[in-house]
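The values are calculated or read from the model by the stated rules, or taken from the named source; none is laboratory data. For clarity, every value in this text was computed on a predicted model and none was experimentally measured. No Cβ is skipped: glycine too gets one built from the backbone with ideal geometry, and neighbour counts run over all protein chains shown.
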Amino acid sequence: IVVMENGGNAALGRPVTHSAALASARAWEGMNLVDGYFWCEPLQGPGSSPAEGYQTSPRQEPEVKGTVWVEVDLGVRRPVDEVHLVPASPREGITFHGYGFPTHFNVIADPGTEDETLILKEDSPPFPAEALPNPGAAPLMAETQGLNARRIRVVCDALWRQGSSKGGRSEYLFAMSEIQCWHQGTNLAAGATVTVSDEVRTPVWFPEALTDGFSSSHPLLSWDAWLDGIERSEALRLQADGIRRKITVREKEQAAVLGKRAAVIAGVTIILAGVAITWQRRRSKRQQEALRERIARDLHDEIGASLSHLAMQGDLARQQLDRAELTSDRLRNLSDSARETLDQMRDIVWLLSPKAGGDWQDLSLRLEAITRRLLEGTGHEVKVAGNPPAGKPAIGQARDLVAFLKESLTNARRHGKAPMVRVSLEWGGVAGAAHRG
């Protein structure tokens, strides 16, 4: 339990009462709530440490009986409210929290003087039993309310074992990353002079590292700074949660907007497609109506004229029959007119029949047949050159080609009175030519 007052823990060493407790010495006791053993990570912030801390040279025996010690000199006598011992946690190789923390030790203020004060005594149960379970990375905090001291010394009676507990070679050493002396939220030991019984120096292990303000890995903080960091972290977490919620809401709103836009686009597309289909249908209908009108004109022009001619021939034949003047020439003219009318009807029916949906090759054969039929009885020669194109012609195209050919051949046969008509159908794309000889 931590109760903050003037930058320190006011609950350290205070009496504890409770309704009931499971009595288990050192492991589970009411006094553990205020004994200063803060079983968590050190009060540290972001950043990295320039050193690991301080350690002694290894020894072959664990018991040293006060011959191994380290002392911090504050320069003058000053009031001290708390003393913090921060265990070492080397970063080289496998990190071992609580590296080198002694099993039996004392913390003494101004040793060897009339003002000598015992701050903390950890020697029970006596060696070889373990008096203090290794704290790991957690700092040890001792309450010293009312103490005035210049020097704070940590005196070891038994050292930490480095090696396997199941046999084999072991070595014993003392190590620590930081010693702090707090008064009203200020670490009086920061940068203070350090004196040791056994000086060992390496690039990352040296006595001055005990007062450099760093653990083995990060800068150390005061209670206030540490709690402020937690509050800031919580505030940032809440702010981040709020931002994430806003982002989620914004994403949903954007998704809804995009959905609406997509719906509008889809609707506009459907409308445009409907308009295009309607326009295409109307255009197709207009084309069909135009084609129907052209075919109607063809029926009127060709079939109507032929039927009129056939009717006249019939009337003349009937009159001659009445006068007994009917001749074979009249009957032959009547027969020819009927056959010509039938051929014209077949041409129009061919354009309207499913056969008209054939390809250009079918149309080419039809043009040859019409040529031979219309020039029957007249000297003629039909020549087809090239290959008709792939695909099929539109009904309008087929109708125009048939009408053009029939008109040309009729003019050559009836009006030109040519003794010989040469017809050449030359396919080069979609084209044809008729030549009179």
Could you tell me whether segment 408-418 includes any residue that is at pLDDT 80 or above, surrounded by 13 or more Cβ atoms within 10 Å (Cβ to Cβ), in the same structural domain as residue 369 (by TED's automatic domain parsing) and closer than 14 Å to residue 359 by Cα?
-> no
Picking from 70, 76, which residue would you name as being within 16 Å of residue 210 (Cα to Cα), at pLDDT 95 or above and aliphatic (A, V, I, L, M)?
-> 70
Matching residues in segment 115-172 - criterion: being surrounded by 13 or more Cβ atoms within 10 Å (Cβ to Cβ), among the small types (Gly, Ala, Ser) and either touching a strand residue (DSSP E or B) at 6+ places or on another chain (Cβ under 8 Å) or farther than 20 Å from residue 56 by Cα (or both) = 131, 138, 142, 149, 158, 170
Segment 77-114, subset in a loop (DSSP other than H, G, I, E, B) and in contact with a Gly (Cβ under 7 Å, 6 or more places away or on another chain), residue nearest to residue 146 (Cα to Cα) | 87
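Yes/no matrix, rows are residues, columns are (1) modelled with pLDDT of 95 or more; (2) exposed (fewer than 15 other Cβ atoms within 10 Å of the Cβ); (3) closer than 13 Å to residue 90 by Cα:
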{"position": "175", "(1), (2), (3)": "yes, no, yes"}
{"position": "181", "(1), (2), (3)": "yes, no, no"}
{"position": "184", "(1), (2), (3)": "no, yes, no"}
{"position": "189", "(1), (2), (3)": "yes, no, no"}
{"position": "193", "(1), (2), (3)": "yes, yes, no"}
{"position": "207", "(1), (2), (3)": "yes, no, no"}
{"position": "216", "(1), (2), (3)": "no, no, yes"}
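Yes/no per residue for (1) of a type in the set (D, E, K, R); (2) over 56 Å from the mean Cα position of the chain (by Cα); (3) surrounded by 12 or more Cβ atoms within 10 Å (Cβ to Cβ); (4) modelled with pLDDT under 95:
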position: 3; (1), (2), (3), (4): no, no, no, yes
position: 33; (1), (2), (3), (4): no, no, yes, yes
position: 44; (1), (2), (3), (4): no, no, yes, yes
position: 47; (1), (2), (3), (4): no, no, no, yes
position: 62; (1), (2), (3), (4): no, yes, yes, yes
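Results for (1) outside the structural domain of residue 44 (by TED's automatic domain parsing); (2) acidic (Asp, Glu); (3) part of a loop (DSSP other than H, G, I, E, B), shown as yes or no for each residue.
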residue	(1), (2), (3)
198	no, yes, yes
202	no, no, yes
208	no, yes, no
229	yes, no, no
257	yes, no, no
266	yes, no, no
